[in-house]
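What follows is one structure encoded as structure tokens, with my remarks underneath.
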Amino acid sequence: MRLDLQVKLTTIDLVRATAWLSLTETLGWQGILEGLTRYDLWRFESPDADLAAFRAALDVELERTSSYYNPNKQAREFLTENTLGDGRRLALADTRPRPEQPEGDLWRALVWVTDEGGERPDLLRASGAQLRARGVNLTSVRTGTLWDIRLHAQDEAHARGFVAGLALSRDRRKGLLLNPHYQEGHLLKLEAVSRATMEA
Amino acid sequence: MEAVIEVSRLTEAELAEVLSKYSLTLKLDEARKVEELLGRAPTLTELTLFDTMWSEHCSYKSSRRFLGENLPTDGPDVILGPVEDAGIVRLGTADGRSWGLVLSHESHNHPSQVLPFEGAATGIGGIVRDVYCMGAEVVGVLDPLRFGDPNGAAARRSREIMAGVVDGIWHYGNALGVPNLGGDLVFHPGYDDNCLVNVVALGLVPEDEIVRSRVPKEAADEQYDFILIGKPTDESGFGGAAFASIILDDEEENRGAVQVPDPFLKRVLSQANKAVLDLARVEGVPIGFKDLGAGGIACVSSELAEAGGFGMKVDLARVSVSSDELASRVIACSETQERYGLAVPRRFSERVLRIYNEEFDLPHVYPGACARVVGEVTNDRRYVLTRGDEVLSDSDIEVVTSGIRYDRESAPEVMELPAPVRESNRDLGRDLLMLLADPNICDRSYLYQHYDSEVQGHTCLRPGEGDAGVLSPFMDNPLGLAITCDGNPWYGERDPWRGAALAVCESVRNLACQGGWPLALTDCLNYGNPEKAGPFGAFVEGVRAIGAACRGIGRMTEEETGAEPNDPIPVISGNVSFYNESSRGAAIPPSPIVALAGRVADISRVPGQQFKGAGNPVFMIGERLDEMGGGVYNRLVYASKGGKLPEPDFGKVRAEALVMIQAVQAGMVKAAHDIAEGGLAVCVTEMILGRRPESGRGLKLELPASNLALDIQLFTETGGFVTEIATDRVDDFKALCARHDVEPYRLGEVTEERSLAIAAAGAAVLNLAGDELERAWRRTLPDLFPAGEGGTS
Amino acid sequence: MSALSKPRAAVIQFPGVNCEYESARALRAAGAEADVLRWNVDSTLLTEYDLFLLPGGFSYQDRIRAGAVAAKERILDAVAEAIELGKPVLGICNGAQVLVEAGFVPGLAGGLELAIAPNRMPDREGYFSDWRFLKSNPESPSWAAALNGSVLPVPFAHGEGRFTSRNEGLFEQLDAAGQIVMRYAKADGSAADGWPVNPNGSVMDVAGICNRAGNVLAMMPHPERCAWLGQVPEMLEGDWGARRQAAMGSWDDLQGPGPGHALFTAMVAAASRRKES
């Protein structure tokens, strides 16, 4: 069983603001990129756990420690309904150059950026002991930055190409969100969305 | 439409309900006083404004009287006493100009308890703005930190708060480009529910370039604009001043008051400010400049104008805001970070705006950040606040800035505790190792390695290398400045007067080790609820003691500054932080924290604290007395705070400090360290290990003849010094001591081998290898920062 | 050297950097004229300069990744031109991160070939500052080869200082080409042998790397913080600590060169040679 915990700042997100300015104004994704949101994504794994018990145990642990989120500045949400998979690992071969004009429909991509896998053995040790006392065998804690990207593309291949293009840093004109020499971009979700859905 | 609150028509219950509805902390009679002062019913914005201006944090309503009566604030070299956000004292002449040293001291206790990272970070942000707005460069910060017992009832929370605070300090402070010169770190269970995060900033400004926080007199002859610079105003920090003045009910609530720190914008702003101030100086344009803190736009605009003898009109509709939905009172009073207010002649405004908005491109550095003209200076001494056509406030400006006073009941409490019954024949070597591993004694390197202490390139004594941080900021001149901070809650809780006096004494000794003359002091007075006679009495005693110590020790001598030897050490700035207690009712131990800045005539003579040359003689100054009360030895060995506290004998402190200062300046001293917590034994161990244990030397020590038991001789906390003297200067040193009627006790000599050997009357007391000492001393602090248990940053 | 022939150095001030003034001071002490230029100045101004320094600090507050945002700024087009012309370029700390993120270093295949990743330290996280010794590489194509294999104590202060790459064999290749200009080492110059002499887990103890041509150097420690003897801690191990102790009492001696001075001298000399040729 895997539980994904999404954590969002309730204050202004300055990292997101800087990323937005750099992508749109400096790197030229103005008009193509429609939206950008940033979260922390924590991924907890316990192969044999019962979902309800796993979640209850984590709820207690999140109250105990501020290692994962701080209620004074962040909001949290478990993504239980449609637990995200590992997703496709974005590769240089995926990247497409930025188009001159926005094309096609709006797509939404969730890209999870981890540093060298994002494993947190220190937290696994600390929280593992707590969860074990509640009968849950925690086997992995991973963390990374989740980017929720909305952009225009005519089809899925283009959408993926653009997402990889703006995410994977390659040189001083291309890509920003991760350095592939120590980070990984997991494309957890890619879907076409209507404007109405987005606004809702 | 702006609401008008008809205070006098409301019953007590109705008024209380209104105040509560708008989260105002004004007392009922204070609300009625607002209406009385205005001569009409206040608007909601006005009530909010007074709520801030009359908070303890802004108005010093309980404390002001005592500060004025007790603290010396003047001197021949004091350029600006405690009237604005920071004080200024003349440091000396270097690089062809006369320099002012700017000092400021603040607390960010409650915000750090709730959100350690942001609280600590914004604390630094606020204090450096205070210094920048005098036209100064900020050249150093210090962080005096007080946390709960890391092994006590609230161990986990205390450790998390410490980790979060340290993260906040380095994330914010290191990015600002201001060297961190240390500070101190004390643990005490009295801080379990209420940590103290103080911060001291020091700056340098050429005397002829000081900018004042007031509209210049030229505004009488020429139209002046009021320009608001920085981050768009948002609701963050709304009610911040009032927040500092209430007791934390539940640490998980109160989130509205904490602001989002942004050192990046601050760094860019400080560079842009520099360009604006340079331009104004070159063109000879007089300006007024003030940072925005508690009370936001309303506070800064009214105070700038009132200080210059003018009036002010501000239109909130012209303010850059994060959202048009913001209520007027929020725009007027929110404590949004990274903002400044500037009064400049209208003919100059365009160029100022261009520097911020185009050259430094603020709108791209932070969404919505900019400089805008939002008001104008008037000659009628009225304060008028509008939002477009709507008038939110219109009154005499003195009414807004007048403040409020209280007389509080004072009943200080002194804890008389007997000394514990001592055991004889203890293994004093074991005892020393136990002390070295105590969180309050152990090596601080692990903490200091989080800080950037070397940015700007002027640091010559880093945190941990000596008792004070030392800077050498000038290119053509060996003139330097030293800064230290002190305050021991274990003394304060026993006796609030002695606790405060001893803090001043130790700070003087810390500077003396570096050959620094005391120039000026700044204090942050951290106490409990002033509405209770006990904590308020402790505060009054603390203020009296600081005043007495500053007078009793005095400036000693210093030809260059024009100060006379008996002039008091001036207190040129400071801060009072009340309501430091939890809803569980316990006040923190009385915690006055003082920071003392000093002048070092020749930084090349400054010795670090580590022993250097094998064979050099080592002396002690300050006879050992039975003053184990409140000390770490009695606490650890006997679980007792009892016994006699060290006695602050100002005449003795002065004579001993004079010897050290002059010995250092005459080049006799190779190493120096003051004797404080843990006494002589801990002092000499720190001189062996220091900041660079790998280069440590050793000490062979024979205790001077004494009637005291050995454990008392080794661990009593009577103040004093240990110093390594150059072999060929021993006679000079003894002569100097004789001149000041101070007895130098020869302790022994430095050894090549890194070890500590202590003997008394020819018999060994303890022998410890350097490795044993180092193991005990170094490991504790890293283990208090457990990986994976720190707070989220 | 006459004032007229002094090489001109541009110190680039990205928003958020904070070592620009002391870096300029160190360049001046090494014989250059130095100006601090804002990131958004007219980039044609840069053609007049002979050497470039990207100083330390926190450009864009290390948002997204240290150096990532500044590496995309337009002013780097002008720096790229200068690099093409063989002008010396030095990135210190955050400046090194920018040079790497911009793909100027190591410049084998071009583009982004490595990362300066978050430190890996056994008993701490985040920022770490202290002093370490650097063993310089006399065989490198860099102007810093003039350090001639000497061992220099230098302060470092960073949270992201670990050179690493996913390009197979990259560091071996760089080593063979002499592009590893400096490594963390013990005080006597012997190999670091891991933590804590290597303070961040950098592959092969790398502290500084140059591009293939040798004119661009990206280094994490701060030579501008040890350009004067007075900046050296008195108890530092080895020769420089001893010199610092011996200078006690003499302001003039403390104003003498520190270990970092030689690096700036080498850089300015390289700029002069290029200018005169």
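The values are calculated or read from the model by the stated rules, or taken from the named source; none is laboratory data. This one's a predicted model, so the numbers in the text were calculated from it and none came from an experiment. Positions of Cβ are backbone-derived with ideal geometry, glycine not excepted, and every protein chain shown enters the neighbour counts. These area figures cover heavy atoms from the full protein model, side chains too; ligands, DNA and RNA do not enter into them. Shrake-Rupley method; radii C 1.70, N 1.55, O 1.52, S 1.80 Å.
Structure above, values below:
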| item | result |
| --- | --- |
| Near pairs, Cβ below 8 angstrom, 6+ apart or cross-chain, from the range C:101-120 (closer than 20 Å to C:Ala78 by Cβ and more than 9 Å from every other protein chain (Cβ to nearest Cβ)) to any residue that is open to solvent by 30 Å² or more (accessible area, probe 1.4 Å) and part of a loop (DSSP other than H, G, I, E, B) | C:Gly107/C:Arg212; C:Gly107/C:Ala213 |
| Filter result for the condition that a residue is open to solvent by less than 50 Å² (accessible area, probe 1.4 Å) and without any contact (Cβ under 8 Å) to a residue 40 or more places away in the chain, over A:Arg150, A:Arg172 | A:Arg172 |
| Complete set of residues in the range C:125-172 that are under 22 Å from C:Pro55 (Cβ atoms) and either within 14 Å of chain A (Cβ to nearest Cβ) or free of Cβ contacts under 8 Å to residues at least 60 places away in the same chain (or both) | C:Gly126, C:Tyr127, C:Ser129, C:Ser136, C:Gly159, C:Glu160, C:Gly161, C:Arg162, C:Phe163 |
| Subset tally (residues that are surrounded by fewer than 24 Cβ atoms within 10 Å (Cβ to Cβ) and modelled with pLDDT under 90) for the range B:127-156 | 1 |
| Single condition C:Ala34 does not satisfy, out of (1) among the small types (Gly, Ala, Ser); (2) at the interface with another protein chain (Cβ under 10 Å from one of its Cβ atoms); (3) surrounded by 24 or more Cβ atoms within 10 Å (Cβ to Cβ) | (2) |
| Cβ pairs under 8 Å, 6+ apart, first in the range B:386-397 and part of a helix (DSSP H, G or I), second among the charged types (D, E, K, R) | B:Ile397/B:Glu306; B:Ile397/B:Arg381; B:Ile397/B:Arg382 |
| Residue among B:Ala595, B:Ala586 that is open to solvent by 10 Å² or more (accessible area, probe 1.4 Å) and small (Gly, Ala, Ser) | B:Ala586 |
| Subset of the range A:31-67 [of a type in the set (S, T, N, Q), outside any strand (DSSP E or B) and either surrounded by fewer than 21 Cβ atoms within 10 Å (Cβ to Cβ) or touching a residue at least 12 places away in the same chain (Cβ under 8 Å) (or both)] | A:Ser46, A:Thr65, A:Ser67 |
| Of residues in the range C:221-265 being open to solvent by less than 10 Å² (accessible area, probe 1.4 Å), in a helix (DSSP H, G or I) and more than 7 Å from chain B (Cβ to nearest Cβ), the one nearest to C:Asn94 (Cα to Cα) | C:Pro223 |
| Selection count, the range B:518-576, where residues are among the hydroxyl-bearing types (Ser, Thr, Tyr) and open to solvent by 10 Å² or more (accessible area, probe 1.4 Å) | 2 |
| Residues of the range B:157-193 classified as in a helix (DSSP H, G or I) and either open to solvent by 30 Å² or more (accessible area, probe 1.4 Å) or under 23 Å from B:Gly528 (Cβ atoms) (or both), total | 11 |
| Leading residue by the ranking (nearest to B:Ser236 (Cα to Cα)) among those in the range A:1-30 that are among the basic types (Lys, Arg) and part of a strand (DSSP E or B) | A:Lys8 |
| The one condition in (1) within 20 Å of B:Val128 (Cβ to Cβ); (2) touching a Leu at 6+ places or on another chain (Cβ under 7 Å); (3) at pLDDT 95 or above that B:Gly182 fails to fulfil | (3) |
| Residue within the range B:445-468 that is away from chain C (no Cβ under 14 Å), in contact (Cβ under 8 Å) with a residue 12 or more places away in the chain and open to solvent by 10 Å² or more (accessible area, probe 1.4 Å) present | yes |
| Residues (open to solvent by less than 70 Å² (accessible area, probe 1.4 Å) and not hydroxyl-bearing (Ser, Thr, Tyr)) located in the range B:363-380 | B:Pro363, B:Val365, B:Pro367, B:Gly368, B:Ala369, B:Cys370, B:Ala371, B:Val373, B:Val374, B:Gly375, B:Glu376, B:Val377 |
| The listed residue being surrounded by fewer than 24 Cβ atoms within 10 Å (Cβ to Cβ), within 14 Å of chain B (Cβ to nearest Cβ) and modelled with pLDDT of 95 or more, out of C:Arg25, C:Arg74 | C:Arg25 |
| Within the range B:277-372, helices (runs of 4 or more DSSP H) holding 2 or more residues that are in contact (Cβ under 8 Å) with a residue 12 or more places away in the chain and more than 33 Å from the chain's Cα centre (by Cα) | B:346-354 |
| Residues satisfying the stated conditions in the range A:106-146, i.e. open to solvent by less than 10 Å² (accessible area, probe 1.4 Å), within 12 Å of chain B (Cβ to nearest Cβ) and part of a strand (DSSP E or B) | A:Val141 |
| Hey, B:Thr718 open to solvent by less than 10 Å² (accessible area, probe 1.4 Å) and out of contact with any Phe, Trp or Tyr (no Cβ under 9 Å at 6 or more places or on another chain) or not | yes |
| Matching residues in the range B:391-427 - criterion: being open to solvent by less than 50 Å² (accessible area, probe 1.4 Å) and either within 30 Å of the chain's Cα centre (by Cα) or farther than 30 Å from B:Arg498 by Cβ (or both) | B:Leu392, B:Ser393, B:Ser395, B:Ile397, B:Val399, B:Val400, B:Thr401, B:Gly403, B:Ile404, B:Ala411 |
| Residue tally, condition among the polar types (S, T, N, Q) and away from chain B (no Cβ under 14 Å), over the range A:29-69 | 2 |
| Close pairs from the range B:697-715: first open to solvent by 10 Å² or more (accessible area, probe 1.4 Å) and in a strand (DSSP E or B), partner among the hydroxyl-bearing types (Ser, Thr, Tyr) and at pLDDT 95 or above, Cβ under 8 Å, at least 6 apart | B:Lys700/B:Thr751 |
| Neighbours by Cβ (under 6 Å, 6+ apart or cross-chain): first from the range B:23-44, of a type in the set (Lys, Arg); second not in a loop (DSSP other than H, G, I, E, B) | B:Arg32/B:Val7 |
| Residue list for the range B:661-682, filter: more than 14 Å from chain C (Cβ to nearest Cβ) and closer than 13 Å to B:Gly608 by Cα | B:Asp674 |
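Residue-wise test of (1) more than 17 Å from A:Thr143 (Cα to Cα); (2) more than 14 Å from chain B (Cβ to nearest Cβ); (3) of a type in the set (Lys, Arg).
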| position | (1), (2), (3) |
| --- | --- |
| A:Leu23 | yes, no, no |
| A:Pro71 | yes, no, no |
| A:Arg76 | no, no, yes |
| A:Asp86 | no, yes, no |
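To keep it simple, each residue is scored yes or no on (1) open to solvent by less than 50 Å² (accessible area, probe 1.4 Å); (2) modelled with pLDDT under 90.
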position: B:Ile5; (1), (2): yes, no
position: B:Arg32; (1), (2): no, no
position: B:His57; (1), (2): yes, yes
position: B:Tyr60; (1), (2): yes, yes
position: B:Asn70; (1), (2): yes, no
position: B:Asp95; (1), (2): no, yes
position: B:Val102; (1), (2): yes, no
